[in-house]
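None of the figures in this text is laboratory data; all of them are computed from the coordinates on show. Bear in mind the structure is a predicted one, so any value in this text is a computation, not a measurement. All Cβ positions, glycine included, derive from the backbone under ideal geometry; neighbour counts span all protein chains shown.
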Amino acid sequence: MGTFAMTTRLANRPVTELEPAIDPRFSGHWTGKLDVTQGIASGAIFTFNADISITSDLIEGSGVSSDFPAGAGDCPISLSGQRCGTAIELHIWFEDKRVAAEPFVLVGELDTACTAAAGDFHVECWCPDECDCGGQDGDFHLKKIGPSH
Ligand SMILES: [Zn+2]
């Protein structure tokens, strides 16, 4: 009776009262896509897979990009961000040293089931001393594809 009663009480509480515990409903394996629409890489599409946990106010995760930076092989990435309701801001850091100086900054909306998100991203130029390209802009899409690995 004890365990069931506790679970029921937790389930009936507003999610904001559960922080900082991560509700397992919001953890999962996600796939992501970054479509560059403005900048020197315009037209490029970068993809990644990541385990992502989403609480009432925080987002964190880690994963791998296999196609960015070009030629890097599997490039580890880490994600951290904030959530307010369905609004999210997420920073994606690529470990490859050529692009590690600046994160992709994603700003968008999470669906109410926490299974998809979409919006816009910007990333500053990775070599501002040699270049004044202004960085890259584009659209992002995230989709939950299964449980965490
Ligand atoms: Zn540049």
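Things to note:
- Applying 1/(1 + (r/R0)^6) with r as the Cβ-Cβ distance of R98 and T31 and R0 = 25 angstrom yields a FRET efficiency of 0.60.
- Trypsin sites (Lys or Arg not before Pro) restricted to region 81-149 and DSSP loop, no more than 12 other C-beta within 10 Å: K97
- I40-D132 pseudo-label distance in nm [points 7 Å out on the Cα-to-Cβ vector]: 1.4
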